[in-house]
Amino acid sequence: MEGIDILMYHQIGRFKPMKNHRATYCSINRFKQQMLYLHIFGYNVISMNEALDILSDKKPMPKKPVVLTFDDGYENFLTYAAPVLKKYNFPAIVYIIPSLIGKKAEWLEKDNLHPSNLMTQSQILKIRKMGFDIGSHNLIHEKMEKKSFELQTHYATESKRILEDILNEEIIHFCYPYGSHDINSLNAVEKAGYKTAVTCQKAKATNKFDLLALPRKAISFGDSIIGFIAKLHTKNTPKNPPIKR
Ligand SMILES: [Zn+2]
């Protein structure tokens, strides 16, 4: 099994070069090139639901499978990323932090970065209507590792409930803030009823990974099209072995 490249994006737009959080910005021009590359070279951009079916052996692995994920739910997803994705009919999933809907990404301020706007409820409904999937990025944007199982379960459950209330559909995909997770996190998101959860471990996702600790590759501000292609072609052995339950 070759594996699925789950790509991680955060903000798409026009940005001045930054020192911190470079892996969370992608210029719109580079994003357009990257999506064009996937289109021209026959990548199968699939949804997280399809990835779930493939990784649980319900569907065969297509050639060159890629999943596009967007963390935090920035307003610039709607402005910049969504039109490009629609052009190629690429599915994507956006992970929302329910306690910060319509607010700002305040955590960027401590690193002297602009606290970009996060989508409002009506913007979230709008992108869902456009066909993009919504997942949970936890109730609050904090590292979960070392928090108690009870607290992690509370966050995972509450965030699921709020998003399901807004969207009137089941939410089954989760994303750990900062990729931070431990064994309690996996058990907590399972108890809450999620079917997949993604980390920031660099690797192709295969059925060797726990569905609740799927690896992803971050596309960074510094990635030219060559860097992007290189990321698609590297196997990457994760630094830490995947958590086994
Ligand atoms: Zn995040």
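One table, with the values for the structure above:
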| item | result |
| --- | --- |
| The one condition in (1) within 22 Å of K235 (Cα to Cα); (2) in a loop (DSSP other than H, G, I, E, B); (3) not β-branched (V, I, T) that Y178 fails to fulfil | (2) |
| Only listed residue being within 12 Å of the ligand (Cβ to nearest atom), open to solvent by less than 30 Å² (accessible area, probe 1.4 Å) and closer than 20 Å to F31 by Cβ, chosen from L100, L108 | L108 |
| Residues of the stretch 1-17 satisfying the condition of being assigned to a loop (DSSP other than H, G, I, E, B) and within 16 Å of the ligand (Cβ to nearest atom) | H10 |
| Extreme residue, modelled with the lowest pLDDT, among residues of the stretch 145-156 that are exposed (fewer than 14 other Cβ atoms within 10 Å of the Cβ) and either within 16 Å of the ligand (Cβ to nearest atom) or not in a helix (DSSP H, G or I) (or both) | K146 |
| For F90: the one exception among (1) modelled with pLDDT of 95 or more; (2) within 18 Å of the chain's Cα centre (by Cα); (3) not in a loop (DSSP other than H, G, I, E, B) | (3) |
| Cross-chain or 6+ apart pairs with Cβ under 7 Å, the stretch 62-84 first and open to solvent by 10 Å² or more (accessible area, probe 1.4 Å) and hydrophobic (A, V, I, L, M, F, W, C), then at pLDDT 95 or above and not in a loop (DSSP other than H, G, I, E, B) | L78/Q123; L78/K126; L78/I127; V84/F31; V84/K32; V84/M35 |
| Options I12, I28, I4, I54: the member that is open to solvent by less than 20 Å² (accessible area, probe 1.4 Å), farther than 21 Å from K87 by Cα, touching a helix residue (DSSP H, G or I) at 6+ places or on another chain (Cβ under 7 Å) and of a type in the set (A, V, I, L, M) | I4 |
| Matching residues in the stretch 20-42 - criterion: being away from the ligand (no atom under 16 Å from the Cβ) and in contact (Cβ under 8 Å) with a residue 60 or more places away in the chain | S27, R30, Q33, Q34, Y37 |
| Subset tally (residues that are away from the ligand (no atom under 14 Å from the Cβ) and either surrounded by fewer than 16 Cβ atoms within 10 Å (Cβ to Cβ) or of a type in the set (G, A, S) (or both)) for the stretch 121-144 | 7 |
| Filter pass, K231 being more than 24 Å from P60 (Cα to Cα), of a type in the set (K, R) and assigned to a helix (DSSP H, G or I) | no |
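The values are calculated or read from the model by the stated rules, or taken from the named source; none is laboratory data. On a predicted model such as this, the values are computed, not experimentally measured, just so you know. For neighbour counting, all protein chains shown are included, and Cβ atoms are generated from backbone atoms with ideal geometry for every residue, glycine included. Side chains included, ligands, DNA and RNA excluded: accessible areas come from the protein's heavy atoms. Shrake-Rupley method; radii C 1.70, N 1.55, O 1.52, S 1.80 Å.
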